[in-house]
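One structure below.
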Amino acid sequence: MRISIAVVGVLLAATAAAQNASGDAYRAEARKLAERSGFMGTYTLQCRQGNELPPALFQPGAPPPTQLFDNFYYVGLNSVGAYVLRTSAGLILIDTLNTADDAKQVIVAGMQSLGLDPREIKYILVSHGHGDHYGGAKWLAETYGARVVASGIDWDVMSQPRPARAGGANGRPPPNWGPPPSRDVVATDGEVLTLGDTSITMVLTPGHTPGTLSFILPVFHRGQRHMLAMWGGTNIPANPEAQRQYLAAFDHFATFTRKLGVDVELSNHPFVDDSLARMEQLRANPKGPNPLVIGVQRYEDYVGILKNCALAAQ
Ligand SMILES: [Zn+2]
């Protein structure tokens, strides 16, 4: 008996060692991609070990509202993003920050400073059913008559009683999220939403939440067309089934991004991919090259970092 327990112990130790070794191999691959592409911050954040929420999620304040492309704008916080896409028939808002106050003081004020009229918002896309993305949606939709779009599954997530949120990193309380918007438009996997001259492809990429939506849309830099991808939920889930979904979602999303030739990425949390620094570069040198245009290969490297860090976490 004593021997078999010892054998089991050795086997368990060997399995754990093998898991650590493969985790290390995935982290090494992610690091290689980060060095090649320059996304070291993404590597450090996503391949961190342990389940603590990143302190950057609780960083106060907002960058100046920034025009990122001819037709695309940032009106979010340092901790979480909100973006405006301008079309020939009105505006599409992607994500809405934590609360109605954020919507008024950051999104609406930011839009006005950039010459965008919030009454022109026709659609509000909610990337996933966490309050830092939907918290301002109800007020915006009711104030400006915009339609709110989310996946069916995450409409359900939003309507459930809110889970107690792990929060208070660095001693800060979690934000008091606004109420969810009233259930409205349901986006399905691969659906294309068209407003005027502009079409957004919406892809189901579950994992971070069961119905996370990621987006692919055209942006223009001085008239030149590029394709932008926004991964809808970045923090790696702890639950094994959600991790499996999250990994599969990368491959599913890639079938769309490759077909559409994505060469720009942005995150709905701007600290994930050094967007805050890249926006600052853009503001400092508005006539220079656009640091958000990274090309197809660096885009693939960026996604490779996210995926390898998720594999390491498994
Ligand atoms: Zn989230």
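To the nearest 10, the accessible area of residue 225 is 140 Å² with a 1.4 Å probe. Binning all Cα-Cα separations of the stretch 229-305 at 10 Å, short to long from zero, yields these whole-percent fractions: 16, 45, 29, 9, 1. A Förster radius of 45 Å, combined with the Cβ-Cβ distance separating residue 142 from residue 300, puts the computed FRET efficiency at roughly 0.65. PRE reach from residue 53 (point 7 Å along Cα→Cβ): which of the stretch 227-242 fall under 19 Å by backbone N? Once the point is set 7 Å along Cα→Cβ of residue 53, 232-239 turn out to lie under 19 Å by backbone N, inside the stretch 227-242.
Give me the percent of accessible area attributable to carbon and sulfur for the stretch 176-314, probe 1.4 angstrom.
On the way: 3070 of 5650 Å².
Exposed carbon and sulfur together represent 54 percent of the surface.
Extension gain for residue 25-residue 280 works out to 88.4 nm (0.36 nm per residue, less the C-alpha to C-alpha distance).
Geometric descriptor of the stretch 169-301, per residue, is 165 Å³ (volume of the convex hull of the Cα atoms). Projected onto its three principal axes, the C-alpha set of the chain covers 75, 44, 38 Å, listed from the longest axis down.
What does DSSP give for the stretch 17-313 in terms of the percent of beta bridges that are antiparallel, rounded to the nearest 5? Don't jump to the answer; show the numbers that get you there.
On the way: 28 of 42 bridges.
Restricted to the stretch 17-313, the bridges split so that about 65 percent are antiparallel.
For residue 104, the lysines whose Cα comes closer than 28 Å to its Cα, not counting residues fewer than 8 places off in the same chain, are 122, 138.
Based on protein heavy atoms only, the chain ends up with 44 Å² per residue of surface accessible to a 1.4 Å probe. Sorting 271-277, 236-242, 290-296 by their mean Cβ neighbour count within 10 Å, with the most densely packed peptide first, gives 271-277, 290-296, 236-242. Computed on protein heavy atoms with a 1.4 Å probe, the accessible areas place 280, 120, 265 in the order 280, 120, 265, largest first. Taking all protein chains together and rolling a 1.4 Å probe, residue 185 ends up with roughly 40 Å² accessible.
The values are calculated or read from the model by the stated rules, or taken from the named source; none is laboratory data. Everything numeric here is computed off the predicted structure, so don't read it as measured data. With ideal geometry, Cβ positions are generated from the backbone for all residues, glycine too; neighbour counts draw on all protein chains shown. Side chains are part of the model used for accessible areas, which takes the heavy atoms of the whole protein and leaves out ligands, DNA and RNA. Shrake-Rupley method; radii C 1.70, N 1.55, O 1.52, S 1.80 Å.
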